[in-house]
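Q: Below are the C-alpha coordinates for one structure; questions will follow.
The values are calculated or read from the model by the stated rules, or taken from the named source; none is laboratory data. Every value quoted in this text rests on a predicted model; they were computed, and no experiment measured them. Note that we place each Cβ from the backbone using ideal geometry, even for glycine, and neighbour counts take in every protein chain shown. Ligands, DNA and RNA are stripped out before the accessible areas are found, and what is left, the full protein with its side chains, is counted by its heavy atoms. Shrake-Rupley method; radii C 1.70, N 1.55, O 1.52, S 1.80 Å.
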Amino acid sequence: MSPPRKGASNLLLLLLLAILRCRFAESAIGVNWGTVSFHRLKPSTVVDLLKENKIGKVKLFDADPGALEALMGSGIQVMVGIPNELLSTISSSVSASDLWVRQNVSRYMVKGGADIRYIAVGNEPFLTSYSGQFQTYVMPALLNLQQSLTKANLAGYVRLVVPCNADAYESPSLPSQGAFRPELTQIITQLVSFLNSNGAPFIVNIYPFLSLYGNSDFPQDYAFFEGTTHAVTDGPNVYTNAFDGNFDTLVSALTKLGYGQMPIVIGEVGWPSDGAPGANLTAAKVFNQGLINHVVGNKGTPLRPGSPPMDVYIFGLLDEGAKSVLPGNFERHWGIFSFDGQAKYALNLGQGNKNLKNAENVEYLPSRWCVVDSSKDLTNVANHMRIACSVADCTTLNYGGSCNEIGVKGNISYAFNSFYQLKMQDERSCDFDGLGMVTFLDPSVGECRFLVGVTETKGSSSSKSSSSFIGSRRWMISITVLFIWAVQLFMM
(Lines give C-alpha, C1' and ligand atoms only; values in the text may rest on other atoms or scores of the structure.)
Protein backbone atom coordinates (compact mmCIF):
# COMPACT_ATOMS: atom_id res chain seq x y z
CA MET A 1 0.00 0.00 0.00
CA SER A 2 1.45 3.37 -0.98
CA PRO A 3 1.79 6.00 1.75
CA PRO A 4 -0.69 8.87 1.87
CA ARG A 5 0.23 11.93 -0.12
CA LYS A 6 1.89 14.72 1.79
CA GLY A 7 -1.00 17.04 0.98
CA ALA A 8 -3.47 14.65 2.58
CA SER A 9 -1.37 14.33 5.71
CA ASN A 10 -1.06 18.12 5.91
CA LEU A 11 -4.84 18.41 5.71
CA LEU A 12 -5.26 15.80 8.44
CA LEU A 13 -2.81 17.62 10.68
CA LEU A 14 -4.58 20.94 10.16
CA LEU A 15 -7.92 19.29 10.93
CA LEU A 16 -6.49 17.80 14.10
CA LEU A 17 -5.11 21.16 15.23
CA ALA A 18 -8.49 22.75 14.59
CA ILE A 19 -10.15 20.09 16.76
CA LEU A 20 -7.63 20.72 19.50
CA ARG A 21 -8.12 24.46 19.30
CA CYS A 22 -11.88 24.09 19.61
CA ARG A 23 -11.42 21.81 22.58
CA PHE A 24 -9.27 24.31 24.41
CA ALA A 25 -11.51 27.27 23.54
CA GLU A 26 -14.43 26.15 25.69
CA SER A 27 -15.43 29.10 27.86
CA ALA A 28 -16.11 28.60 31.53
CA ILE A 29 -16.22 30.22 34.94
CA GLY A 30 -13.36 28.89 37.05
CA VAL A 31 -11.98 29.84 40.46
CA ASN A 32 -8.66 30.57 42.12
CA TRP A 33 -7.95 28.17 44.97
CA GLY A 34 -5.58 29.96 47.34
CA THR A 35 -4.32 28.20 50.46
CA VAL A 36 -2.78 30.99 52.57
CA SER A 37 -5.03 30.32 55.53
CA PHE A 38 -4.82 29.60 59.25
CA HIS A 39 -7.74 27.19 58.94
CA ARG A 40 -7.32 25.01 55.86
CA LEU A 41 -10.05 22.66 54.77
CA LYS A 42 -9.02 19.19 53.72
CA PRO A 43 -8.15 19.28 50.02
CA SER A 44 -10.64 16.49 49.37
CA THR A 45 -13.38 18.64 50.96
CA VAL A 46 -12.46 21.55 48.67
CA VAL A 47 -12.52 19.35 45.57
CA ASP A 48 -15.93 18.01 46.59
CA LEU A 49 -17.04 21.63 46.99
CA LEU A 50 -15.87 22.40 43.45
CA LYS A 51 -17.68 19.39 42.06
CA GLU A 52 -20.92 20.10 43.94
CA ASN A 53 -20.92 23.59 42.45
CA LYS A 54 -20.06 22.27 38.98
CA ILE A 55 -16.89 24.35 38.82
CA GLY A 56 -14.88 22.71 36.07
CA LYS A 57 -11.71 24.80 36.14
CA VAL A 58 -9.41 25.74 39.00
CA LYS A 59 -6.24 27.80 39.22
CA LEU A 60 -3.56 27.03 41.82
CA PHE A 61 -0.78 29.41 42.79
CA ASP A 62 1.73 26.62 43.29
CA ALA A 63 2.01 22.88 42.85
CA ASP A 64 0.51 22.01 46.23
CA PRO A 65 0.74 18.20 46.50
CA GLY A 66 -2.37 17.89 48.66
CA ALA A 67 -4.47 19.89 46.21
CA LEU A 68 -3.14 18.06 43.15
CA GLU A 69 -3.65 14.65 44.73
CA ALA A 70 -7.22 15.57 45.66
CA LEU A 71 -7.86 16.79 42.10
CA MET A 72 -6.82 13.46 40.61
CA GLY A 73 -9.82 11.77 39.05
CA SER A 74 -12.07 14.79 39.60
CA GLY A 75 -12.47 15.82 35.96
CA ILE A 76 -11.59 19.41 36.92
CA GLN A 77 -9.20 21.20 34.58
CA VAL A 78 -6.21 22.59 36.45
CA MET A 79 -3.87 25.54 36.03
CA VAL A 80 -0.88 24.93 38.28
CA GLY A 81 1.40 27.81 39.25
CA ILE A 82 5.13 28.35 39.56
CA PRO A 83 5.90 31.03 42.18
CA ASN A 84 8.01 33.98 41.03
CA GLU A 85 10.76 32.93 43.43
CA LEU A 86 11.41 29.77 41.37
CA LEU A 87 11.77 31.55 38.03
CA SER A 88 15.47 32.27 38.49
CA THR A 89 16.32 28.61 39.04
CA ILE A 90 14.13 27.28 36.24
CA SER A 91 15.33 29.91 33.77
CA SER A 92 18.99 29.06 34.35
CA SER A 93 18.80 25.26 34.38
CA VAL A 94 17.10 22.85 32.00
CA SER A 95 17.62 20.05 34.51
CA ALA A 96 15.80 22.11 37.16
CA SER A 97 12.99 22.66 34.69
CA ASP A 98 12.85 18.94 33.88
CA LEU A 99 12.73 18.10 37.57
CA TRP A 100 9.93 20.58 38.25
CA VAL A 101 7.82 19.14 35.43
CA ARG A 102 8.44 15.56 36.60
CA GLN A 103 7.59 16.30 40.22
CA ASN A 104 4.67 18.66 39.71
CA VAL A 105 3.05 17.74 36.41
CA SER A 106 4.01 14.32 35.02
CA ARG A 107 3.56 12.49 38.32
CA TYR A 108 -0.07 13.62 38.50
CA MET A 109 -0.96 13.18 34.82
CA VAL A 110 -1.33 9.43 34.91
CA LYS A 111 -4.34 7.24 34.22
CA GLY A 112 -7.05 8.46 36.57
CA GLY A 113 -4.88 11.45 37.42
CA ALA A 114 -5.12 15.23 37.38
CA ASP A 115 -6.19 17.06 34.22
CA ILE A 116 -3.52 19.77 34.14
CA ARG A 117 -4.11 22.10 31.18
CA TYR A 118 -1.92 25.10 31.99
CA ILE A 119 1.27 25.95 33.86
CA ALA A 120 1.29 29.55 35.06
CA VAL A 121 4.92 30.62 34.86
CA GLY A 122 5.15 33.18 37.64
CA ASN A 123 2.36 35.33 38.98
CA GLU A 124 2.26 38.93 37.76
CA PRO A 125 6.07 38.95 37.26
CA PHE A 126 5.94 42.32 35.47
CA LEU A 127 4.19 44.07 38.37
CA THR A 128 5.46 47.64 38.70
CA SER A 129 6.20 47.22 42.40
CA TYR A 130 8.67 44.40 41.60
CA SER A 131 10.89 46.91 39.77
CA GLY A 132 11.88 44.36 37.12
CA GLN A 133 13.05 41.80 39.70
CA PHE A 134 11.62 38.81 37.80
CA GLN A 135 11.37 40.27 34.31
CA THR A 136 14.52 38.78 32.78
CA TYR A 137 13.70 35.26 33.97
CA VAL A 138 10.36 34.88 32.24
CA MET A 139 11.32 34.03 28.66
CA PRO A 140 14.26 31.70 29.54
CA ALA A 141 11.97 29.90 32.00
CA LEU A 142 9.27 29.51 29.33
CA LEU A 143 11.75 28.11 26.82
CA ASN A 144 13.21 25.64 29.31
CA LEU A 145 9.77 24.50 30.46
CA GLN A 146 8.62 24.03 26.88
CA GLN A 147 11.59 21.72 26.31
CA SER A 148 10.74 19.85 29.51
CA LEU A 149 7.11 19.39 28.45
CA THR A 150 8.25 18.12 25.07
CA LYS A 151 10.51 15.55 26.73
CA ALA A 152 7.58 14.47 28.89
CA ASN A 153 5.31 14.16 25.81
CA LEU A 154 2.99 16.79 27.28
CA ALA A 155 3.75 19.81 25.07
CA GLY A 156 0.67 19.23 22.91
CA TYR A 157 -1.67 19.20 25.89
CA VAL A 158 -0.26 21.41 28.66
CA ARG A 159 0.13 25.07 27.77
CA LEU A 160 2.54 27.56 29.33
CA VAL A 161 1.08 30.95 30.27
CA VAL A 162 2.15 34.04 32.23
CA PRO A 163 -0.55 35.73 34.34
CA CYS A 164 -0.05 39.49 34.06
CA ASN A 165 -1.37 42.31 36.19
CA ALA A 166 -3.36 44.95 34.35
CA ASP A 167 -0.60 47.45 35.15
CA ALA A 168 1.45 45.85 32.35
CA TYR A 169 -0.45 48.12 29.97
CA GLU A 170 -1.74 51.65 30.21
CA SER A 171 -3.79 54.26 28.43
CA PRO A 172 -3.78 58.06 28.67
CA SER A 173 -7.58 58.08 28.83
CA LEU A 174 -9.34 55.77 26.35
CA PRO A 175 -9.25 51.99 25.73
CA SER A 176 -8.30 52.51 22.09
CA GLN A 177 -5.09 54.21 23.25
CA GLY A 178 -3.97 51.17 25.22
CA ALA A 179 -0.31 50.15 24.99
CA PHE A 180 2.09 48.10 27.05
CA ARG A 181 4.42 49.98 29.34
CA PRO A 182 7.42 51.13 27.27
CA GLU A 183 9.93 49.18 29.34
CA LEU A 184 7.90 45.99 28.74
CA THR A 185 7.33 46.31 25.00
CA GLN A 186 10.24 44.10 24.00
CA ILE A 187 9.61 41.27 26.46
CA ILE A 188 5.83 41.34 25.98
CA THR A 189 6.37 41.10 22.22
CA GLN A 190 8.52 38.01 22.81
CA LEU A 191 5.93 36.62 25.22
CA VAL A 192 2.91 37.00 22.94
CA SER A 193 4.89 35.55 20.04
CA PHE A 194 5.68 32.51 22.19
CA LEU A 195 2.07 32.18 23.34
CA ASN A 196 0.77 32.48 19.80
CA SER A 197 3.21 29.86 18.51
CA ASN A 198 2.09 27.40 21.17
CA GLY A 199 -1.66 28.01 21.03
CA ALA A 200 -1.77 29.61 24.49
CA PRO A 201 -3.85 32.60 25.61
CA PHE A 202 -2.75 35.86 27.19
CA ILE A 203 -3.74 35.85 30.87
CA VAL A 204 -4.57 39.06 32.67
CA ASN A 205 -5.82 39.90 36.18
CA ILE A 206 -8.41 42.71 36.30
CA TYR A 207 -9.63 44.26 39.55
CA PRO A 208 -12.18 47.10 39.30
CA PHE A 209 -12.35 47.06 43.11
CA LEU A 210 -8.73 48.18 43.34
CA SER A 211 -9.41 51.02 40.93
CA LEU A 212 -12.23 52.17 43.21
CA TYR A 213 -10.28 51.54 46.43
CA GLY A 214 -7.21 53.43 45.26
CA ASN A 215 -8.93 56.46 43.72
CA SER A 216 -11.54 58.51 45.53
CA ASP A 217 -12.54 60.12 42.21
CA PHE A 218 -13.30 56.79 40.53
CA PRO A 219 -17.06 56.56 39.76
CA GLN A 220 -18.47 53.79 41.96
CA ASP A 221 -21.18 52.68 39.54
CA TYR A 222 -18.59 52.31 36.75
CA ALA A 223 -16.96 49.51 38.77
CA PHE A 224 -20.11 47.36 38.45
CA PHE A 225 -22.23 46.01 35.61
CA GLU A 226 -25.55 47.60 36.55
CA GLY A 227 -25.27 50.67 34.32
CA THR A 228 -23.53 53.97 34.97
CA THR A 229 -23.97 57.70 34.69
CA HIS A 230 -20.24 57.93 33.92
CA ALA A 231 -20.00 56.07 30.63
CA VAL A 232 -16.77 56.45 28.64
CA THR A 233 -17.16 57.27 24.95
CA ASP A 234 -14.28 56.16 22.75
CA GLY A 235 -15.10 56.98 19.14
CA PRO A 236 -18.03 54.74 18.17
CA ASN A 237 -17.66 52.64 21.31
CA VAL A 238 -19.32 53.32 24.65
CA TYR A 239 -18.06 51.72 27.88
CA THR A 240 -20.44 51.33 30.81
CA ASN A 241 -18.17 49.35 33.15
CA ALA A 242 -14.52 49.27 34.13
CA PHE A 243 -14.04 45.61 33.26
CA ASP A 244 -14.83 46.13 29.56
CA GLY A 245 -12.75 49.28 29.45
CA ASN A 246 -9.76 47.52 30.98
CA PHE A 247 -10.17 44.45 28.77
CA ASP A 248 -10.31 46.51 25.58
CA THR A 249 -7.28 48.52 26.68
CA LEU A 250 -5.44 45.19 26.63
CA VAL A 251 -6.95 44.31 23.23
CA SER A 252 -5.66 47.64 21.88
CA ALA A 253 -2.22 47.01 23.36
CA LEU A 254 -2.07 43.55 21.78
CA THR A 255 -3.28 44.96 18.46
CA LYS A 256 -0.39 47.42 18.43
CA LEU A 257 1.97 44.44 18.64
CA GLY A 258 0.18 42.65 15.79
CA TYR A 259 -1.76 40.19 17.98
CA GLY A 260 -5.20 41.78 18.14
CA GLN A 261 -7.00 38.44 17.88
CA MET A 262 -5.04 36.63 20.59
CA PRO A 263 -7.32 34.70 22.99
CA ILE A 264 -7.52 36.28 26.44
CA VAL A 265 -8.21 34.55 29.75
CA ILE A 266 -9.04 36.46 32.93
CA GLY A 267 -6.77 34.90 35.56
CA GLU A 268 -8.17 36.81 38.52
CA VAL A 269 -11.21 39.02 39.01
CA GLY A 270 -13.50 39.49 41.99
CA TRP A 271 -14.66 41.67 44.85
CA PRO A 272 -13.84 41.35 48.57
CA SER A 273 -16.62 41.06 51.13
CA ASP A 274 -14.95 42.62 54.18
CA GLY A 275 -12.01 44.58 55.51
CA ALA A 276 -12.50 47.99 53.88
CA PRO A 277 -15.14 50.55 52.92
CA GLY A 278 -16.89 49.27 49.81
CA ALA A 279 -15.87 45.70 50.60
CA ASN A 280 -19.05 44.08 51.83
CA LEU A 281 -21.35 41.14 51.10
CA THR A 282 -23.79 43.17 49.01
CA ALA A 283 -21.15 44.74 46.78
CA ALA A 284 -19.34 41.42 46.33
CA LYS A 285 -22.55 39.67 45.30
CA VAL A 286 -23.61 42.42 42.90
CA PHE A 287 -20.19 42.58 41.24
CA ASN A 288 -19.60 38.84 40.90
CA GLN A 289 -23.12 38.10 39.68
CA GLY A 290 -22.92 40.97 37.22
CA LEU A 291 -19.57 39.71 35.95
CA ILE A 292 -20.82 36.15 35.51
CA ASN A 293 -23.97 37.24 33.71
CA HIS A 294 -21.87 39.47 31.47
CA VAL A 295 -19.51 36.64 30.54
CA VAL A 296 -21.90 33.71 30.17
CA GLY A 297 -24.29 35.95 28.23
CA ASN A 298 -21.60 36.17 25.51
CA LYS A 299 -21.94 39.93 25.37
CA GLY A 300 -18.27 40.50 24.78
CA THR A 301 -16.83 44.02 24.74
CA PRO A 302 -16.99 46.89 22.23
CA LEU A 303 -13.75 45.73 20.57
CA ARG A 304 -14.74 42.07 20.77
CA PRO A 305 -18.54 42.01 20.53
CA GLY A 306 -20.09 38.59 21.13
CA SER A 307 -16.69 37.21 22.07
CA PRO A 308 -16.13 37.11 25.86
CA PRO A 309 -12.84 35.99 27.44
CA MET A 310 -12.02 32.31 26.86
CA ASP A 311 -12.23 31.62 30.58
CA VAL A 312 -12.71 33.70 33.71
CA TYR A 313 -11.23 32.63 37.05
CA ILE A 314 -12.97 34.30 39.98
CA PHE A 315 -10.75 35.36 42.83
CA GLY A 316 -11.24 33.57 44.97
CA LEU A 317 -12.82 30.37 46.10
CA LEU A 318 -12.14 30.65 49.86
CA ASP A 319 -11.11 33.42 52.24
CA GLU A 320 -7.40 33.31 53.10
CA GLY A 321 -6.94 34.61 56.62
CA ALA A 322 -3.15 34.44 56.62
CA LYS A 323 -2.51 36.58 53.54
CA SER A 324 -0.46 39.74 53.81
CA VAL A 325 -2.56 42.83 54.49
CA LEU A 326 0.03 45.16 52.96
CA PRO A 327 -2.29 45.99 50.02
CA GLY A 328 -5.22 46.37 52.44
CA ASN A 329 -7.21 44.47 55.06
CA PHE A 330 -9.59 43.30 52.33
CA GLU A 331 -6.89 40.91 51.06
CA ARG A 332 -8.14 38.21 53.42
CA HIS A 333 -11.76 38.39 52.26
CA TRP A 334 -11.94 37.72 48.50
CA GLY A 335 -13.61 34.30 48.76
CA ILE A 336 -17.11 33.57 47.49
CA PHE A 337 -17.00 31.03 50.33
CA SER A 338 -15.75 31.65 53.85
CA PHE A 339 -12.67 29.75 55.02
CA ASP A 340 -14.84 26.77 55.98
CA GLY A 341 -16.53 26.42 52.60
CA GLN A 342 -19.82 28.09 53.52
CA ALA A 343 -21.33 30.35 50.87
CA LYS A 344 -21.28 34.02 51.84
CA TYR A 345 -24.15 35.02 49.58
CA ALA A 346 -26.40 33.68 46.83
CA LEU A 347 -24.54 33.40 43.54
CA ASN A 348 -25.42 31.69 40.25
CA LEU A 349 -22.18 30.64 38.57
CA GLY A 350 -23.98 29.87 35.33
CA GLN A 351 -22.89 26.24 35.53
CA GLY A 352 -26.31 24.71 36.18
CA ASN A 353 -26.82 25.36 39.89
CA LYS A 354 -28.96 28.39 40.72
CA ASN A 355 -27.11 28.92 43.98
CA LEU A 356 -23.85 28.05 45.65
CA LYS A 357 -23.77 24.82 47.64
CA ASN A 358 -21.92 24.69 50.94
CA ALA A 359 -19.07 22.34 51.71
CA GLU A 360 -20.26 19.19 53.43
CA ASN A 361 -18.71 17.09 56.20
CA VAL A 362 -16.55 19.96 57.42
CA GLU A 363 -14.85 18.88 60.64
CA TYR A 364 -15.07 21.79 63.07
CA LEU A 365 -13.49 22.18 66.46
CA PRO A 366 -15.99 22.07 69.36
CA SER A 367 -18.56 24.89 69.49
CA ARG A 368 -16.85 27.12 72.03
CA TRP A 369 -15.35 30.56 71.94
CA CYS A 370 -12.92 32.68 73.92
CA VAL A 371 -14.26 36.06 75.08
CA VAL A 372 -13.16 38.76 77.48
CA ASP A 373 -14.22 38.44 81.11
CA SER A 374 -15.95 41.79 81.55
CA SER A 375 -15.89 41.46 85.32
CA LYS A 376 -12.10 41.86 85.32
CA ASP A 377 -10.02 45.04 85.32
CA LEU A 378 -9.29 45.70 81.63
CA THR A 379 -6.70 48.43 82.15
CA ASN A 380 -3.92 46.38 80.53
CA VAL A 381 -6.01 44.57 77.93
CA ALA A 382 -4.76 46.60 74.96
CA ASN A 383 -1.39 44.86 74.94
CA HIS A 384 -3.02 41.40 74.97
CA MET A 385 -5.31 42.42 72.13
CA ARG A 386 -2.36 43.73 70.13
CA ILE A 387 -0.46 40.46 70.59
CA ALA A 388 -3.50 38.40 69.59
CA CYS A 389 -4.06 40.42 66.42
CA SER A 390 -0.39 40.33 65.47
CA VAL A 391 -0.78 36.57 65.06
CA ALA A 392 -4.46 35.95 64.25
CA ASP A 393 -6.74 37.67 61.74
CA CYS A 394 -8.53 40.73 63.14
CA THR A 395 -9.06 42.58 59.85
CA THR A 396 -12.85 42.67 60.21
CA LEU A 397 -12.42 44.97 63.24
CA ASN A 398 -10.94 47.76 61.16
CA TYR A 399 -12.77 50.68 59.58
CA GLY A 400 -15.24 49.39 57.00
CA GLY A 401 -15.11 45.85 58.42
CA SER A 402 -18.12 43.79 59.43
CA CYS A 403 -17.09 43.81 63.12
CA ASN A 404 -16.09 47.45 63.30
CA GLU A 405 -19.13 48.52 65.33
CA ILE A 406 -19.50 45.82 67.98
CA GLY A 407 -18.07 47.92 70.79
CA VAL A 408 -14.82 47.86 72.75
CA LYS A 409 -15.52 44.64 74.67
CA GLY A 410 -16.76 43.02 71.48
CA ASN A 411 -13.50 43.97 69.75
CA ILE A 412 -11.47 42.47 72.58
CA SER A 413 -13.49 39.26 72.53
CA TYR A 414 -13.13 38.98 68.76
CA ALA A 415 -9.36 39.31 69.01
CA PHE A 416 -9.16 36.80 71.87
CA ASN A 417 -11.31 34.29 69.99
CA SER A 418 -9.39 34.61 66.75
CA PHE A 419 -6.20 33.76 68.64
CA TYR A 420 -7.90 30.94 70.54
CA GLN A 421 -9.18 29.27 67.37
CA LEU A 422 -5.83 29.72 65.66
CA LYS A 423 -4.26 27.82 68.55
CA MET A 424 -6.78 25.01 68.03
CA GLN A 425 -8.68 25.96 71.21
CA ASP A 426 -5.76 25.22 73.51
CA GLU A 427 -7.11 26.30 76.90
CA ARG A 428 -3.91 28.22 77.67
CA SER A 429 -4.52 30.40 74.61
CA CYS A 430 -7.63 31.86 76.25
CA ASP A 431 -5.89 32.97 79.43
CA PHE A 432 -4.56 36.44 78.60
CA ASP A 433 -3.43 36.88 82.21
CA GLY A 434 -6.87 35.91 83.46
CA LEU A 435 -8.77 38.32 81.19
CA GLY A 436 -10.19 35.66 78.87
CA MET A 437 -12.78 32.99 79.47
CA VAL A 438 -14.31 30.18 77.40
CA THR A 439 -18.00 30.35 76.56
CA PHE A 440 -20.36 27.92 74.85
CA LEU A 441 -22.72 30.69 73.73
CA ASP A 442 -21.99 32.00 70.24
CA PRO A 443 -20.94 35.68 70.66
CA SER A 444 -21.51 36.54 66.97
CA VAL A 445 -23.37 39.82 66.40
CA GLY A 446 -25.28 40.49 63.16
CA GLU A 447 -22.87 40.08 60.24
CA CYS A 448 -19.92 39.91 62.63
CA ARG A 449 -19.16 36.22 62.86
CA PHE A 450 -17.00 34.79 65.63
CA LEU A 451 -15.46 31.80 63.92
CA VAL A 452 -14.89 28.26 65.11
CA GLY A 453 -11.81 26.65 63.62
CA VAL A 454 -11.64 23.47 61.57
CA THR A 455 -9.53 20.41 62.31
CA GLU A 456 -6.22 19.99 60.58
CA THR A 457 -6.53 16.24 60.15
CA LYS A 458 -5.43 15.26 56.69
CA GLY A 459 -8.20 13.63 54.72
CA SER A 460 -8.06 11.21 51.87
CA SER A 461 -8.27 12.45 48.32
CA SER A 462 -11.55 12.75 46.49
CA SER A 463 -13.00 9.77 44.73
CA LYS A 464 -11.04 8.83 41.65
CA SER A 465 -14.06 7.54 39.76
CA SER A 466 -15.62 10.41 37.85
CA SER A 467 -17.42 9.67 34.62
CA SER A 468 -16.75 13.16 33.27
CA PHE A 469 -13.05 12.74 33.92
CA ILE A 470 -12.95 9.30 32.33
CA GLY A 471 -14.56 10.72 29.23
CA SER A 472 -12.08 13.58 29.19
CA ARG A 473 -9.10 11.28 29.62
CA ARG A 474 -10.34 8.92 26.90
CA TRP A 475 -10.68 11.90 24.61
CA MET A 476 -7.15 13.01 25.47
CA ILE A 477 -5.68 9.56 24.89
CA SER A 478 -7.54 9.15 21.59
CA ILE A 479 -6.45 12.55 20.35
CA THR A 480 -2.86 11.90 21.44
CA VAL A 481 -2.79 8.66 19.46
CA LEU A 482 -4.33 10.43 16.47
CA PHE A 483 -1.82 13.23 16.80
CA ILE A 484 1.14 10.83 16.77
CA TRP A 485 -0.33 9.08 13.75
CA ALA A 486 -0.86 12.38 11.96
CA VAL A 487 2.70 13.49 12.65
CA GLN A 488 4.01 10.18 11.28
CA LEU A 489 1.99 10.68 8.11
CA PHE A 490 3.20 14.26 7.88
CA MET A 491 6.83 13.14 8.03
CA MET A 492 6.38 10.62 5.17
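Q: Counting only residues that are of a type in the set (A, V, I, L, M, F, W, C) and touching a strand residue (DSSP E or B) at 6+ places or on another chain (Cβ under 6 Å), which one in the stretch 24-40 is farthest from Ile264 (Cα to Cα)? Full working, then the answer.
A: Keep residues of the stretch 24-40 that are of a type in the set (A, V, I, L, M, F, W, C), which gives 24-25, 28-29, 31, 33, 36, 38.
Narrowing further to those that are touching a strand residue (DSSP E or B) at 6+ places or on another chain (Cβ under 6 Å): 28-29, 31, 33.
Working: Ala28: 13, Ile29: 14, Val31: 16, Trp33: 20 Å.
That would be Trp33.
This table checks each residue for (1) without any contact (Cβ under 8 Å) to a residue 40 or more places away in the chain; (2) touching a Ser or Thr at 6+ places or on another chain (Cβ under 8 Å); (3) outside any helix (DSSP H, G or I).
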site	(1), (2), (3)
Ser367	no, no, yes
Lys376	no, no, yes
Met385	yes, no, no
Cys389	yes, yes, no
Ile406	no, no, yes
Asn411	yes, no, no
Gln421	no, no, no
Pro443	no, yes, yes
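Q: Working carefully through the options Glu85, Glu69, find the one that is without any contact (Cβ under 8 Å) to a residue 12 or more places away in the chain, assigned to a helix (DSSP H, G or I), closer than 23 Å to Gly34 by Cβ and open to solvent by 10 Å² or more (accessible area, probe 1.4 Å).
A: Every option except Glu85 fails the conditions.
Q: Can you report the number of residues in the stretch 202-245 which are in a strand (DSSP E or B) and either touching a residue at least 24 places away in the same chain (Cβ under 8 Å) or open to solvent by less than 20 Å² (accessible area, probe 1.4 Å) (or both)?
A: The first filter runs over the stretch 202-245 and keeps only residues in a strand (DSSP E or B), leaving 202-205, 232-234, 237-239.
From the residues that got through so far, the ones that are either touching a residue at least 24 places away in the same chain (Cβ under 8 Å) or open to solvent by less than 20 Å² (accessible area, probe 1.4 Å) (or both) too are 202-205, 232, 234, 237-239.
Selection size over the stretch 202-245: 9.
Q: Just checking, how many residues over the stretch 267-324 are touching a strand residue (DSSP E or B) at 6+ places or on another chain (Cβ under 6 Å) and of a type in the set (Asp, Glu)?
A: Of the residues in the stretch 267-324, 2 are touching a strand residue (DSSP E or B) at 6+ places or on another chain (Cβ under 6 Å) and of a type in the set (Asp, Glu).
Q: On to the next question. Here are the criteria: (1) in a loop (DSSP other than H, G, I, E, B); (2) β-branched (Val, Ile, Thr); (3) under 30 Å from Ile55 (Cα atoms). Tell me which single one Thr396 does not satisfy.
A: (1)
Q: Cβ-Cβ under 7 Å, sequence separation 6+ or interchain: first residue in the stretch 253-265 and open to solvent by less than 10 Å² (accessible area, probe 1.4 Å), partner charged (D, E, K, R) and not in a helix (DSSP H, G or I). Which pairs?
A: Listed pairs, sorted by first residue: Val265/Asp311.
Q: Related question: Please work out if Gly199 is within 22 Å of Ala168 (Cβ to Cβ), surrounded by fewer than 19 Cβ atoms within 10 Å (Cβ to Cβ) and under 24 Å from the mean Cα position of the chain (by Cα). Write out each step before concluding.
A: On the way: within 22 Å of Ala168 (Cβ to Cβ): yes; surrounded by fewer than 19 Cβ atoms within 10 Å (Cβ to Cβ): yes; under 24 Å from the mean Cα position of the chain (by Cα): yes.
It is true that Gly199 is within 22 Å of Ala168 (Cβ to Cβ), surrounded by fewer than 19 Cβ atoms within 10 Å (Cβ to Cβ) and under 24 Å from the mean Cα position of the chain (by Cα).
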